[in-house]
1. How large is ³J(HN,Hα), in whole Hz, for each residue of the range 125-134 in order, when computed from phi with the Karplus curve 6.51 cos²θ - 1.76 cosθ + 1.60 and θ = phi - 60°, using x for Gly and Pro?
2. What's the angle, to the nearest 10 degrees (0 to 90), between helix 89-98's Cα axis and the longest principal axis of the chain?
3. How large is ³J(HN,Hα), in whole Hz, for each residue of the range 195-204 in order, when computed from phi with the Karplus curve 6.51 cos²θ - 1.76 cosθ + 1.60 and θ = phi - 60°, using x for Gly and Pro?
4. Of all DSSP beta bridges located in the chain, what percent are antiparallel, nearest 5?
5. Compute the helix-to-body angle for 235-250: its Cα long axis versus the longest principal axis of the chain, expressed 0 to 90° and rounded to tens.
6. So, in the chain, how many Lys pairs have Cα atoms under 27 Å apart, if the pair is 8 or more places apart or on different chains?
7. What percent do you get for the relative contact order of the chain when only Cα pairs under 8 Å and 6+ apart count?
8. With viscosity set to 1.002 mPa s and temperature to 20 °C, compute the Stokes-Einstein D of the chain, Rh being the Kirkwood radius across alpha carbon pairs; µm²/s, no decimals.
Amino acid sequence: MAFRTVKGMHDILPLEGVGEMPPIASWQRLEDAFRTSAELHGYSEVRTPLLEQHSLFVRSIGETTDVVEKEMYVVRRGDDQLALRPEGTASAARAYVQHKVTAKQPVTRWYYLGPMYRAERPQRGRYRQFYQAGCEIYGDPGPACDAELIDMLVGLFRGLGFEDLEVCVNSLGSGDTRARYRQRLLEFLRPHASELSDDSQRRLERNPFRVLDSKAKVDQEIVKDAPQILDVLDEADQSHWDGLRRLLDSLEVPYTVDSRLVRGLDYYTRTLFEVKSNAGNLGAQNTLCGGGRYDNMIKSLGGGNVPAIGFAMGLERILLALDAPPPELEPNVFFAPLGEAALPCAMKLARQLRAVGIAAQVDGRGNSMKSMLRRANAEQARLVVILGEKEMDSGVAQLKDFAKHSEEQVSQDALLPLVRERL
Ligand code: HAM
């Protein structure tokens, strides 16, 4: 039996796209744009393990969420119950608490980039291993940093070429507001309990907020008339929400208020947002990025009373929506040496090129010129340096430019400046 990738997981190859996955250069371009934007806004990269204690995710993401209830890859090893991270926020918060970062910095800005794992039903834009790029801010209660995060996202997406962004924002309130709203929502939903979907019936008493973002048609019909959280914000929540909106207006960031937005993770408080695009036939998977404030998580993980906010974007979805041709490969030089003396000469010349930052490869297989040129073509070399016996006798090389279909003779000593000129 030939081995294949696991369901919902994909290979990304260097030169060609495979199914929905574009070649690596497209990923790298997106990752570079994200890194540049994050670093310009004062974020530093953090890397955490792919495996964490299972209970970390239960505690932070919430027991009644789809992610925890149905989608985690759980790994048992001896007495440890571990899980592949389904997202990056809990791991970053764990690291923030573990390393007592709060004692060293009043405000911390971290970003991360890497694979996450959720055993969802795979479809276009939804995978079991998918890549997220995310930012988290600890120690800033907002709302200025909330607005700045959203502004940064809009700038990044526009810079990538998106023209049809939809930015949805909402506030979930905090503490008292949520308790008050929960009560109102329960009072509204209880009389409809028997009409709700099985999932929502099960979750109703434990987590009525989840009914609001249920995908089931029956639930959506009922929820249409539910009370809205924005109507019950307390004074502090209202002032945070007004502050955020005022700033977004001043910054001319376009957004719509979606009072039904709750998102599928339980840790959120106050500001909540999503960025969507209708490009790329993503259907229901058109949320490119989601995030929000989670002011209670650090405390619940044993840290201090540290407010936090962040977002994560799904790289596959962004690439599908952009559908941009892969960027051109970095120009590279391919050496085709023929004969014993030519090989070390090619290796030395290649070393000279690499020393000044020009990518160079030497075909050392000892094959025919025809087969070396075929390989150079397959590797999309820009320039080929041919070193045959004739060339070696007179200290020259043939420089072949694949793109321009040209060939010229050059002295081996003058190769470096000429290659520089031609690239
Ligand atoms: P999330 O909404 O679960 O939030 O995921 C964020 C983004 O990751 C989604 O908008 C989507 O683009 C992408 N994504 C999620 N699941 C999949 C999947 N199965 N396949 C492909 N892409 C997917 C979070 O993960 C939070 N940690 C965001 C956050 C950070 N909140 C505060 N800080």
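Here, each number is a calculation from the coordinates, and none is a lab measurement. Everything quoted here is computed from the prediction, not taken from an experiment. Note that we place each Cβ from the backbone using ideal geometry, even for glycine, and neighbour counts take in every protein chain shown.
1. Karplus-based 3J(HN,Hα) across the range 125-134 equals x, 9, 10, 8, 10, 9, 9, 10, 10, x Hz.
2. For 89-98 against the chain, the angle is about 90 degrees.
3. 8, 6, 5, 4, 4, 5, 4, 5, 8, 3
4. Details: 53 of 66 bridges.
Of all bridge pairs located within the chain, approximately 80 percent are antiparallel.
5. Computed tilt is about 40 degrees.
6. Close lysine pairs found across the chain: 23.
7. On the way: 737 pairs, mean separation 64.8, N = 423.
The value is 15 percent.
8. Working: Rh = 24.8 Å.
Result for D is 86 µm²/s.
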